[in-house]
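The block underneath contains the structure these notes are about, expressed in structure tokens.
The values are calculated or read from the model by the stated rules, or taken from the named source; none is laboratory data. Note that this is a predicted model, so its numbers are computed, not measured. Cβ sites come from the backbone with ideal geometry, for glycine too, and all protein chains shown count toward neighbours.
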Amino acid sequence: MAQAQAQFIEKVDTQYAYDFALKLGTFRTNEALGYRSAGSSAEYEAGEAIKEEMAAIGLQNITKDEITVDAWTFEYAKLTYTTVDGSQKEVELGMYQTNFDSSGLSEYTLIDGGQGTQEDLKDLDVNGKLVLIDINQRENWWVNYPAYEAYLNGALGVIVAQDGGYSEISDDALNAQDICGSEDAAAFSISRNDANAIRETLNQKASHEMSIKLDAKSEVVRDQKTYNIVGTIPGKDPESMVLMSAHYDAYFEGFQDNSVAVSLMLGIAKSLVDSGYTPEKTLVFIATAAEEWGVSNTRYDWSTGAYKQIFEVHPEWVGKVIANINFELPAMVEGDVDQIRASYELTSYLETFIPSIQSSEGVFEGGVEIINPIQTWSDDFSFSIAGIPSSVTALRGGFAASTYHSPMDDKTTYSEAALRHHYHMYGQLMIHYDRLAISPLDFSTRLEAFKERLDESVLGGVIMDDNITAYDALSAKIESLETFANQAWERVKTLNDAYVKALDEDKQDEAQSILNEAADVNHQVLETFRYVEDNFVRLTWEDVSIFPHEHSQNNLIALKDSIQALENGVASEALDNSLYLIDNNWYAYDWSKETYEYFTDYAINQPQDRLLWGYGRLQGHVDLYDVIKSLQAKGDQGQYAEELEILKNAVEGEMDNLQAQVHHELNALDGLSTKLQEILK
């Protein structure tokens, strides 16, 4: 293996990756800003370029795998207005995945809508007008809420300026995110500086309105075609695979996110081919479409291409792929510690892999940290819930707040040292995965995380059928499985170590014999991984991965704290500290009931082809809209008997839900016990 790694490193070519990343940035629907979005001509052209490049570097069996997405094409949006000194100024706007066609330069009325909340709009006439609003999507709410609230009030659209949260790198920066809402509620993006300048003019108007001209074209068309691009380095065993992935759609130029990720993937493939590496397994490289957005009017509108690839186009990959390596933003530096976000079960293997590799120097001097769990933010989540153990170059918080999804995500963010580091590390990881007999999964890691998520103060009050508490029942069950999990991991390691040793010593017959012995174990390991993903991965209303019981467990903590505050006569304490933590009730504070219910209903009452990877993963909903509005009106001087009754009923309902969730977990842990023992046979 050491020789294969050294030969690979000799062929590492960061200049190749950098140059191809720049090439991808030339495919755009908006000449001024970029954008290669789902189903657009720019995405198609970029896919064709990737397909041609795969052939040029020597990949084989190259395919364009067709998927259906909602397509979005944003061509331009230019706003012209008269400044306070009487001059004309043209402003470049960004766009969200919504429809707007001005049919040439047209005149509109623009009104200042504050933050666009129900309170901000209640005394404004926004009908037939554009509404300028401020937003902080990391601390307050997503753009779909003010966009839909304005739409309900008859507005033609909102023009959104970031007020912290994203695009903090510059007040000249635009921002783009997935809309998570209706294509009919139009939303534009404007820089902080341009919004401030426009407000100078608006503030001189008694009505806080002004006439502007806008030339804009953005179109969403449902049920269109796009393509995931796939190439391979065939291995000795076509039925066993290692998967490497990166999405090729982008906002603006998208250098880090995700042009250089695609080029890193292709660079690794090229270096493997150029080094003469002959894989044991088939190495699969996939450039996925429609990661940033691909389905209209759903909460789960991103990672569309990856989800459809593994659930619709190639579901047979599950059980064959021993691991997925996904790339996001791999050529930037933040801090001195690199991070790999990985499936729980890969943690033990990755922690032993990192010290064993030949690393590059000059970056991430603090080493590499493995973090869990896989979250919903990138394509690895779709692959993981399908049953493919996955990892991803982790998105860092500083870059996310400053530069992510802005026009400043360009080549000026490039760190050759970071790219080289990831080139070395992940190329070697692919070689290591290739030379394993069994997917290297340690199920004790998830069990340990499960134990840490048990809150005795809540679960200790839930009595199960056998008259023991939910906390004791789950704790005992998990503890009983830890021995099996540890033994299973030892068996996997022993067979993998023997296989690697035989390959390194070129004992092909012995290696094949071990591989034959390990085949059933590998099948059981991957089947067990899919089982734990199916049974133990659920989502909060903010799309965070949780264990099933955590939904009602966390709601109960917040409900009881709210009840205590009201019994103490302090409604503000309940509002400020706890009610907003319950499901999506944060949005009850500032939005109309129609908006709140719209975005509640669309997350739970749509078919699987609209909810995709989020389908069935929410654990219920506690509707406290009326309680919150009532408490806001009463303040700290009210009588709260009615609200207390509703909250106490909600506690009873969540206790029932929690008991059902624990029953599910106990049964699923029994099933996991059986599967772990199958691995040991």
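If Thr528 passes every condition in (1) out of contact with any Phe, Trp or Tyr (no Cβ under 9 Å at 6 or more places or on another chain); (2) within 30 Å of Leu672 (Cα to Cα); (3) not aromatic (Phe, Trp, Tyr) but one, which one does it miss?
(1) is the only condition that Thr528 fails.
Only one of Leu93, Leu132 is within 28 Å of Lys593 (Cβ to Cβ) and hydrophobic (A, V, I, L, M, F, W, C). Can you tell me which?
Details: Leu93 fails: within 28 Å of Lys593 (Cβ to Cβ).
Checking each option against the conditions leaves just Leu132.
Filter the stretch 184-209 down to the residues that are buried (at least 21 other Cβ atoms within 10 Å of the Cβ) and assigned to a loop (DSSP other than H, G, I, E, B) and list them by number.
Result: Ala185, Ala186, Ser191.
Do we have any residue at all in the stretch 73-85 that's free of Cβ contacts under 8 Å to residues at least 40 places away in the same chain, assigned by TED's automatic domain parsing to the domain that holds Glu209, more than 30 Å from Asp609 (Cβ to Cβ) and not in a helix (DSSP H, G or I)?
Narrowing the stretch 73-85 to residues free of Cβ contacts under 8 Å to residues at least 40 places away in the same chain: 85.
Remaining after also requiring assigned by TED's automatic domain parsing to the domain that holds Glu209: 85.
After this cut, where a residue has to be more than 30 Å from Asp609 (Cβ to Cβ) as well, the list is 85.
Still in the list and also not in a helix (DSSP H, G or I): 85.
Within the stretch 73-85 (the criterion being free of Cβ contacts under 8 Å to residues at least 40 places away in the same chain, assigned by TED's automatic domain parsing to the domain that holds Glu209, more than 30 Å from Asp609 (Cβ to Cβ) and not in a helix (DSSP H, G or I)), the answer is yes, since at least one residue qualifies.
Wholly within the stretch 331-425, which helices (runs of 4 or more DSSP H) include no fewer than the required count, namely at least 1 residues that are modelled with pLDDT of 95 or more and surrounded by 23 or more Cβ atoms within 10 Å (Cβ to Cβ)?
On the way: elements: 347-353, 379-386, 397-402.
Here the list reads 347-353, 379-386.
If Glu48 satisfies every condition in (1) within 30 Å of Gly276 (Cβ to Cβ); (2) part of a loop (DSSP other than H, G, I, E, B) but one, which is the exception?
(2)
If you check His247 against the conditions, is it modelled with pLDDT under 95 and in contact with a helix residue (DSSP H, G or I) (Cβ under 8 Å, 6 or more places away or on another chain)? Lay out the reasoning, then the answer.
On the way: modelled with pLDDT under 95: no; in contact with a helix residue (DSSP H, G or I) (Cβ under 8 Å, 6 or more places away or on another chain): yes.
No, not satisfied.
Hey, could you check the stretch 465-514 for residues that are among the acidic types (Asp, Glu) and in a helix (DSSP H, G or I) and say which is farthest from Phe443 (Cα to Cα)? Quick ask: steps written out before the conclusion?
Let us first name the residues in the stretch 465-514 that are among the acidic types (Asp, Glu), namely 465-466, 472, 479, 482, 490, 497, 504-506, 509-510.
Subset that is in a helix (DSSP H, G or I): 472, 479, 482, 490, 497, 504, 509-510.
On the way: Asp472: 21, Glu479: 13, Glu482: 8, Glu490: 11, Asp497: 18, Asp504: 28, Asp509: 30, Glu510: 28 Å.
Once the filter is applied, the top-ranked residue is Asp509.
I'd like to know if the stretch 425-442 contains one or more residues that are within 23 Å of Pro373 (Cα to Cα), in contact with an Asp or Glu (Cβ under 7 Å, 6 or more places away or on another chain) and aliphatic (A, V, I, L, M).
Yes, because at least one residue in the stretch 425-442 is within 23 Å of Pro373 (Cα to Cα), in contact with an Asp or Glu (Cβ under 7 Å, 6 or more places away or on another chain) and aliphatic (A, V, I, L, M).
If you check Leu647 against the conditions, is it closer than 26 Å to Phe450 by Cα, buried (at least 19 other Cβ atoms within 10 Å of the Cβ) and either of a type in the set (D, E, K, R) or touching a residue at least 12 places away in the same chain (Cβ under 8 Å) (or both)? Let's see the steps before the verdict.
Numbers: closer than 26 Å to Phe450 by Cα: no; buried (at least 19 other Cβ atoms within 10 Å of the Cβ): yes; either of a type in the set (D, E, K, R) or touching a residue at least 12 places away in the same chain (Cβ under 8 Å) (or both): yes.
No; evaluated as a whole, the condition is false for this residue.
Taking the options Thr278, Thr282, name whichever one is in the same structural domain as Thr413 (by TED's automatic domain parsing), surrounded by fewer than 24 Cβ atoms within 10 Å (Cβ to Cβ), assigned to a loop (DSSP other than H, G, I, E, B) and among the β-branched types (Val, Ile, Thr).
Numbers: Thr282 fails: assigned to a loop (DSSP other than H, G, I, E, B).
Checking each option against the conditions leaves just Thr278.
Quick one: would you say Val69 is crowded, with 23+ Cβ neighbours inside 10 Å, under 25 Å from the mean Cα position of the chain (by Cα) and either on the phi < 0 side of the Ramachandran plot or among the charged types (D, E, K, R) (or both)? It would help to see each step written out before you state the result.
Working: crowded, with 23+ Cβ neighbours inside 10 Å: yes; under 25 Å from the mean Cα position of the chain (by Cα): yes; either on the phi < 0 side of the Ramachandran plot or among the charged types (D, E, K, R) (or both): yes.
Taking the combined requirement at face value, the residue satisfies it.
Among the residues of the stretch 599-612, is there at least one that is surrounded by fewer than 16 Cβ atoms within 10 Å (Cβ to Cβ) and under 24 Å from Gly114 (Cβ atoms)? Step through it out loud before you land on a result.
At the first step, the residues of the stretch 599-612 found to be surrounded by fewer than 16 Cβ atoms within 10 Å (Cβ to Cβ) are 601, 604-605, 607-609.
Now drop any that are not under 24 Å from Gly114 (Cβ atoms), which leaves none.
So far as the stretch 599-612 goes, no, none of its residues is surrounded by fewer than 16 Cβ atoms within 10 Å (Cβ to Cβ) and under 24 Å from Gly114 (Cβ atoms).
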